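As structure tokens, the structure follows; a few thoughts come after it.
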Amino acid sequence: MYLTPPVAPIHPKVSVLHGDTRTDNYFWLREKTNPAVLEYLAAENAYTAAMMRPEEALQEQLYREILGRVKETDLSVPVRQGDYFYYTRTEKGRQYTIYCRKRLSLEADEELLLDANALAEGHDYFRVGVFEPSPNHELLAYSSDFDGDEVYTIRVKDLRTGGLLPDSIAGASAALVWANDNRTFFYATLDAAKRPYKVFRHSLGAPADVLVYHEPDERFEVDLAKSKSRAFLFIDSFSHVTSEYRYLPADAPEGDFRVMIPRVQGVEYDAAHHGDHFYIRINDAGPNFRLVRTPVDAPPLDQAVEVRPHRASVMIESVDAFRDHLMLEERDNGLRQIELETLSTGDRHRVEFPEPVYSVTLATNPEFDTPTLRFAYTSLITPLSIFDYDMERRTRELRKQTDVLGGYDSTQYRSERIFATAPDGVRVPISLVYKNGFQRDGHGAALLYGYGAYGHSSEPAFAPERLSLLDRGFVYAIAHVRGGSEMGRPWYDDGKLLHKKNSFTDFVACAEHLAGEGYTSAGRLAILGGSAGGLLMGAVTNLRPDLFHVAIAKVPFVDVLNTMLDASLPLTVTEYEEWGNPNEQSWYDYMRSYSPYDNVQPAAYPHMLITAGLNDPRVSYWEPAKWAARLRATGTDNKLLLLKTNMGAGHFGASGRYEKFRETAFELTA
């Protein structure tokens, strides 16, 4: 029974760089194979379990509430690919997805392609990486991760016999594309820092694979794609600010990939194929991207025709081409829009959406020759809804709305968007939701979420587990801080590198605004963020520890300087363009001024729950562990500080759905 928190032993490590001396008392926690490290993490887990034991009844109640809203035996909307309808389903009591298909008709007999439950047997963790049927649908290439470290093993299944081919490829990333000959695929492998950096061609049964591309620049990763037209294979080599495409006819897998547009530092692009042209989304003329069309046989920009100019207020997020239509995803005034163009006439229109605050994403759209676009729509009060949209008739059909069992009624809740004012005068959007009858008198509890990095937009989407908070009188809010792309690419640029502190002051401004407008108060405000959002949690609790009652930091990136000074770690070099390179003094000094671990101070911090994954390749387990140890040793409060490490998972926590439900119930009681 651990009634007092574990105390991490102090083993000082002194480092000097740029004339600055730092003493790290907990550097030794990086030693993953050191029994003392594992013993310390186990002791922290035991302490967390003991301190949360009084809440076990509430955790179980919340778990039952979450589970009671889920249709445990369910299936996805089937996706047509050639002669087959592919879909997934779940079964009550089973943790993982089952992958299936039917031929020609949804009334046909089911073919079970892959049962993740069977593959996961005997493992604490399991995740499917790629799931790629061959073009003739006779073979299936899939990959598996059994540790949570995002290192996959590729296998090939013969769908005619149900047997596995002898081909097995270890050390792969989650990237794979088939050539059109049905016997060749391309995949990417990882370097020592788990960076996807080499692309190989694999021919079934061949004794050795052929290296077709090696990306030597450690800032860059590689990914693979196939055009919707199925005419071309793409290698996308990209950093945080620069990209370069290579393309190869899918009918000629033994050919050489050609560079589409040679890389230029600071210029990003991607492409869709249609007929004799590539449609290229590129930010050479401005941060929000423009769209150009180039001939397939001469794609450099001197042959390009501008199709959409750069616009300061609208960001083009993606482009895709169907036989008769061009599709653009755009970000306008914080919301995603879908614009469609009929290629034969040039007629354009946007898909209309019914709510003022919502989220829409493209669903799986594998077919080129179709008038139908499938998208997923949701909002803070509308469950995920899959629509098929007729691009010619401008009509839509609801194919499936996620069932929320237990009598959910969206009219009993209200969502809105408000704005806070940051210290520099910038208006920061806040999306929020609450149950009807909520009173803005300062007595309400609130949970404020934030992320703000990598240009990732925090979408106002429905989450059934959130109802357990709303029904208890909570407000749930999303702070759309700079560092995301909600307001366009400049919104991202203003929250990275030497502007990173804008993310933190934006979040504080959102919290202060919620309290000032009566949605909550400092003594009733909880905050939540994970990964880079965990950095946000660490930074704002250093800035304003008095403003928050509870902070939940999931797999938080908090030891910024030590991580970014270690080029051997996954993501370090590739993320110099996101955070800066502290080997240069200007970047070092700026990171030093906000790195949560380096700026822990004698202060009364809020109650805190910190989580980690022992096998996490993105944020090493020792970052949250060291941070928790320093907070315990430095903080002046007697608030509850809990560190919970998943000893068999990585960045994304538990892999089974029921385990995830229990994780969520635990976090909601923190």
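We did not get these values from a lab; they are worked out from the coordinates using the rules stated. For clarity, every value in this text was computed on a predicted model and none was experimentally measured. For neighbour counting, all protein chains shown are included, and Cβ atoms are generated from backbone atoms with ideal geometry for every residue, glycine included.
Can you list the residues of the range 275-291 with backbone N under 15 Å from a point 7 Å past the Cα of Leu301, pointing along Cα to Cβ? Within reach of a label on Leu301, which here means backbone N under 15 Å from a point 7 Å along Cα→Cβ, the range 275-291 contributes 280-291.
Distance between the pseudo-spin-label points of Arg230 and His499 (7 Å out from Cα toward the beta carbon): 4.4 nm. For Phe278, the residues 5 or more places off, or on other chains, whose built amide H falls under 5 Å of its own are Thr294, Val296. Here r is the Cβ-Cβ distance between Asn599 and Gln61 and R0 is 30 Å; the resulting FRET efficiency, rounded to 0.05, is 0.20.
Couplings for the range 228-242, taken from phi via the Karplus curve 6.51 cos²θ - 1.76 cosθ + 1.60 with θ = phi - 60°, read 4, 5, 6, 8, 9, 9, 10, 10, 9, 9, 8, 10, 6, 9, 9 Hz in order; Gly and Pro are left as x. Residues Glu352, Glu623, Glu459 in ascending order of nearby Cβ atoms (within 10 Å, fewest first): Glu352, Glu459, Glu623.
Computed over the chain, the per-residue total of -39500 (n - 2.57) for DSSP H runs of n ≥ 4 gives a 222 nm mean residue ellipticity of -5000 deg cm²/dmol, rounded to 500. Backbone phi angles across the range 266-281, fed through the Karplus curve with coefficients 6.51, -1.76 and 1.60 (θ = phi - 60°), yield HN-Hα couplings of x, 10, 10, 7, 8, 8, 10, 9, 8, x, 8, 9, 9, 9, 10, 8 Hz in residue order; Gly and Pro are listed as x. Principal-axis analysis of the Cα atoms of the chain puts helix 532-543 at an angle of about 30° to the longest axis.
By the Kirkwood approach, averaging reciprocal distances over each pair of separate Cα atoms, the range 274-388 gets a hydrodynamic radius of 15.2 Å. The base-10 log of I(q)/I(0) for the range 139-212, evaluated at q = 0.12, 0.14, 0.22 Å⁻¹, reads -0.31, -0.42, -1.01 [Debye formula, identical scatterers on Cα atoms, solvent excluded].
Here Asp403, Asp276, Asp236 are placed in order of increasing Cβ neighbour count within 10 Å, fewest first, which gives Asp276, Asp403, Asp236. Taking amide hydrogens as placed 1.01 Å from N in the peptide plane, the amide H of Arg127 sits under 5 Å from those of Asp145, each at least 5 positions away in sequence or on another chain. The coefficient of translational diffusion for the range 413-668, derived via Stokes-Einstein from the alpha carbon Kirkwood radius under 4 °C and 1.567 mPa s, stands at 70 µm²/s.
Strictly over 19 Å apart at the Cα level, which of Lys194/Lys496; Lys71/Lys400; Lys13/Lys644; Lys400/Lys660; Lys228/Lys400; Lys194/Lys228 would you flag in this model? With Cα atoms farther than 19 Å apart: Lys194/Lys496; Lys13/Lys644; Lys400/Lys660; Lys228/Lys400; Lys194/Lys228. Taking the Cα centre of each part, how many Å lie between the range 1-48 and the range 572-594? A separation of 24 Å, based on Cα centres.
Both the radius of gyration and Dmax for the range 484-624 are 15.1, 48 Å, in that order, over alpha-carbon atoms.
I'm spelling it out carefully: the read-out is mean projected area of the Cα convex hull in nm², the candidates are (i) 36.5; (ii) 29.6; (iii) 41.8, and one was derived from this structure. Which label? Only one listed value fits the structure, namely (ii).
Paramagnetic label reach from Glu107 (point 7 Å along Cα→Cβ; backbone nitrogen cut-off under 18 Å): within the range 66-87, residues 78, 84-85.
Compactness of the range 78-223 is given as radius of gyration and Dmax, 16.1, 51 Å, from Cα positions. Dipole check for the range 347-502: with +1 at the C-beta of Lys and Arg, -1 at the C-beta of Asp and Glu, and the Cα centre as origin, the magnitude is about 480 Debye.
Which one, Ala420, Pro262, Gly648, projects farthest toward the positive side of the charge dipole computed for the chain from Cβ point charges (K/R +1, D/E -1)? Comparing the listed Cα positions along the dipole, Ala420 ranks first. The amide H of Leu335, built 1.01 Å from its N in the peptide plane, has no neighbour under 5 Å, considering only residues 5 or more places off or on other chains. Charge dipole of the chain (Cα centre as origin; +1 on each Lys and Arg Cβ, -1 on each Asp and Glu Cβ, all else neutral): 1200 debye, rounded to the nearest 20. The magnitude of the dipole of the range 413-668, with charges of +1 and -1 set on the Cβ of Lys/Arg and Asp/Glu and taken from the Cα centre, is near 680 debye.
Based on C-alpha pairs under 8 angstrom that are at least 6 apart in sequence, the range 580-634 has a relative contact order of 29 percent. Between the residues Ser227, Ala175, Ile430, the greatest Cα displacement towards the positive end of the dipole of the chain, with unit charges on the Cβ of Lys, Arg, Asp and Glu, is found for Ile430.
If you wrap the range 500-567 in the convex hull of its Cα atoms and look at it from every side, the mean projected area works out to 4.6 nm².
Farthest toward the positive end of the dipole of the range 413-668, out of Asn502, Leu447, Val600, is the Cα of Leu447, where the dipole comes from beta carbon charges about the Cα centre. At q = 0.11 Å⁻¹ the log10 of I(q)/I(0) for the range 17-142 amounts to -0.71, computed by Debye summation with a single uniform scatterer per C-alpha, solvent ignored. Note the angle between two axes, namely the Cα long axis of helix 657-668 and the longest principal axis of the Cα atoms of the chain, as a number of degrees from 0 to 90, rounded to the nearest 10. Approximately 30 degrees, to the nearest ten.
Rounded to 0.05, the FRET efficiency of the Asn436 and Ser568 pair, given R0 = 60 Å and the Cβ-Cβ distance, is 0.65. Scalar couplings 3J(HN,Hα) for the range 632-647, obtained by applying the Karplus form with A = 6.51, B = -1.76, C = 1.60 to θ = phi - 60°, are 5, 7, 10, x, 9, 9, 10, 6, 6, 10, 10, 10, 10, 10, 7, 7 Hz; x denotes Gly and Pro.
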